[in-house]
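Everything below concerns the one structure shown next.
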Amino acid sequence: MAGHNSRSRDKKNRSARPQSSMKVVHKQAAAKHSEEYAAELTAPFGAPVQAPVELVEVGSRRDAAREKEESQEQSRWLGYSALTLGVLSLFMFPALFGGAAAVLGFFSYNQGRKAMGVWSIALGLVSMASYFLLAPAYS
């Protein structure tokens, strides 16, 4: 019986030894090599999860309409700014505001706001011309 107990103890010790020695070997290998063990930290593999994707057609009508609307909005504000500068140039800083109104009016005209562009150019040029013609007469 005594021999039987020692054999069972040896089996227990043998099964315990590889586990503790594996830890030592693993620590020694980790100290020698700078390897990354990312698989130990990641989640187990499962079915792939697809993020929600919005399907958009290239060149769709909705995108084209939105871009056209944004472009018209920008050209409209450019036209209003040019027209405002043209009106202000009649009352103050005609050389500065008149020139800016003419330039912005030209850009507005090229972007499709024909009427605002023409009015801004006309107001800016009339204001600048009247300033340069009349200012020497009153000096």
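Couplings for the range 114-120, taken from phi via the Karplus curve 6.51 cos²θ - 1.76 cosθ + 1.60 with θ = phi - 60°, read 5, 5, 5, x, 5, 4, 5 Hz in order; Gly and Pro are left as x.
Could you give the length gained on full extension between Ala137 and Phe91, defined as 0.36 nm per residue of separation minus the Cα-Cα distance, in nm? Numbers along the way, then the final one.
Values: separation 46, 0.36 × 46 = 16.56 nm, distance 1.78 nm.
Additional length available on full extension: 14.8 nm.
To the nearest 0.05, what FRET efficiency results for Glu73 and Val53 with a Förster distance of 22 Å applied to their C-beta separation?
Details: r = 29 Å, r/R0 = 1.33.
Plugging the Cβ-Cβ distance into 1/(1 + (r/R0)^6) gives 0.15.
Readers should treat all values here as calculations from the given coordinates under stated rules, not as data from a laboratory. Computed from a predicted model, the values in this text were never measured in an experiment. All Cβ positions, even for glycine, are placed from backbone atoms using ideal geometry, and neighbour counts span all protein chains on display.
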